[in-house]
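Student: Sharing a structure below in structure tokens format, with a few things to ask.
The values are calculated or read from the model by the stated rules, or taken from the named source; none is laboratory data. Everything quoted here is computed from the prediction, not taken from an experiment. All Cβ positions, glycine included, derive from the backbone under ideal geometry; neighbour counts span all protein chains shown.
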Amino acid sequence: MIDKPTGPDLEPGTQNALDALLTLPEPTEPEWSALHASIMAAAGERLARRRMVAAPVRQAPTRIRRRRWLATALPLAAAAAVLIVIGRPRAPALTLDATAEALLADISDVEFSRLVAGHEDAVGLLLLAVQDENEGTP
Amino acid sequence: MSASLPVAADLDDAALVLRARRGDTAAFDVLVRRFLRPAVALAFRILGQREDAEDIVQESFIAALDALDGFDLRRPFTPWFLRIVLNRALNARRSRDRHPTESLGMEVRADIAPPSAAVEEREAREWVRGALERLPERQRTIMQLSGFDGLSSAEVGELLSIAPGTVRWELHQARATLRNELATWSGGGS
């Protein structure tokens, strides 16, 4: 039940009728399976399209989501390393926390390579995003 | 990523979403299995028809798949997805209310009961259904959501984008209305 509703209790008969109205007649397992299969079939083409499209491109951030994306798409350290390579952009979205600021202060090329290893696609996209941001691309 | 990599069913929702974003069929399959029952149960509470509820849930999973890139992985998946289901169910109900057909009666469980008791129960359900439909939409929806899957008023409020206190107030009002209407119906009806 919802946490102790403040309204007057319903008559038991009313409550029972309400419960009966709101309770799903339990489908059989074959019925659940059929529904599940139907959903998966409907999703199949979309999932296939997602596999075909390079994930970083598909996830290219819209302008409105860029700030959030920049904060989550990469490990913070890798994002910070990228910023070192591209220089401090004037993009206001690229505000990092203290950990990243510390990384920005002192990092070698070797350390950069180590940080971005395995994240090349995302780093590439981040670079594009930063370019867009700096160029004011909508 | 392969479409058929095995996916541990105990992966958390965010991990499954991440994989599904890349087109991982197995991950999406686990998400569907995980949320199918609550989604159908939720849609049924709003629509009162199992077939309609199943249609809405199928649409909702596809809509969720389309919107997966916009899902914030730091937030819980359940309310995000159930809100999709709820919004679609509410839209379908509004559309149905605007264009009523002959078979608007809500499905009910086929309880086995003696004929006279069954008639009384059916009458009670019809009365409650009518009373429910006469409530203001928000009260009606809150009434339908209360008791669903142990949702708290805060969680109901999150689904409806309203404050928990408002949920409690609307629920109070709805129950009072039903109770008052009951008093005028056949000496109490139960």
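Student: List the residue pairs whose Cβ atoms are under 9 Å apart, where the first residue sits in region A:15-26 and is at the interface with chain B (Cβ under 7 Å from one of its Cβ atoms), the second is among the aromatic types (Phe, Trp, Tyr), and the two are 6 or more positions apart or on different chains.
Tutor: Within 9 Å, the pairs are A:ALA17/B:TRP127; A:LEU22/B:PHE44; A:LEU22/B:PHE148; A:THR23/B:PHE44; A:LEU24/B:PHE44; A:PRO25/B:PHE44.
Student: Within region B:149-166, does at least one residue satisfy the condition of being under 19 Å from the mean Cα position of the chain (by Cα), modelled with pLDDT of 85 or more and at positive phi?
Tutor: yes
Student: So which residues in region B:77-94 are of a type in the set (Val, Ile, Thr) and under 11 Å from the mean Cα position of the chain (by Cα), if there are any at all?
Tutor: To start, the set of residues in region B:77-94 that are of a type in the set (Val, Ile, Thr) comprises B:78, B:84-85.
Within region B:77-94, B:ILE84, B:VAL85 qualify.
Student: Select from region B:50-78 the residues that are more than 8 Å from chain A (Cβ to nearest Cβ), outside any helix (DSSP H, G or I) and surrounded by fewer than 16 Cβ atoms within 10 Å (Cβ to Cβ) and list them in ascending order.
Tutor: Of all residues in region B:50-78, those more than 8 Å from chain A (Cβ to nearest Cβ) come to B:51-52, B:55-56, B:59-60, B:63-64, B:67-68, B:71, B:75-78.
Checking which are outside any helix (DSSP H, G or I) leaves us with B:67, B:71, B:75-76.
Once the filter is applied, which keeps residues that are more than 8 Å from chain A (Cβ to nearest Cβ), outside any helix (DSSP H, G or I) and surrounded by fewer than 16 Cβ atoms within 10 Å (Cβ to Cβ), region B:50-78 yields B:ALA67, B:ARG75, B:PRO76.
Student: From the list B:LEU47, B:LEU31, which residue is more than 7 Å from chain A (Cβ to nearest Cβ), within 30 Å of B:GLY130 (Cβ to Cβ) and among the hydrophobic types (A, V, I, L, M, F, W, C)?
Tutor: Values: B:LEU31 fails: within 30 Å of B:GLY130 (Cβ to Cβ).
Answer to the check: B:LEU47.
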